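Only the coordinates and a few stated rules stand behind these numbers; no lab work does. Remember, it's a predicted structure, so these values are computed and weren't measured experimentally. We place every Cβ from the backbone using ideal geometry, glycine too, and count neighbours over all the protein chains shown.
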């Protein structure tokens, strides 16, 4: 009688690269869901970074706009001060006495000269 022990045994061959077991649909679905969750988290992080960067940029631009506006206003004030100072000097009797007949002032025919824009001297 042949017993199981007496039967010739097949030689087991071992493959050096173990074969992956076939994945089930459930495993694929689970992995896909995990990847989707990770992707959504990364997209949200990128969106948050963009929003934060945009907010900082908007803040900096607003600050820069305010600085430019203030600087422009200061320059206008300085020009106004300079214009008033020049008018005071040019319209002074001393300036008129010294430079009123200067050739440069006499050559100005298209635009009023500083002396022409001076108020008429008040009679003393």
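Brief remarks on what is shown
- Residue 70/residue 50 FRET efficiency (R0 22 Å; Cβ-Cβ; nearest 0.05): 0.15
- Two-decimal log10 I(q)/I(0) for the range 27-107, as the Debye equation yields it once each C-alpha is a single scatterer, q = 0.11, 0.16, 0.24 Å⁻¹: -0.64, -0.82, -1.05
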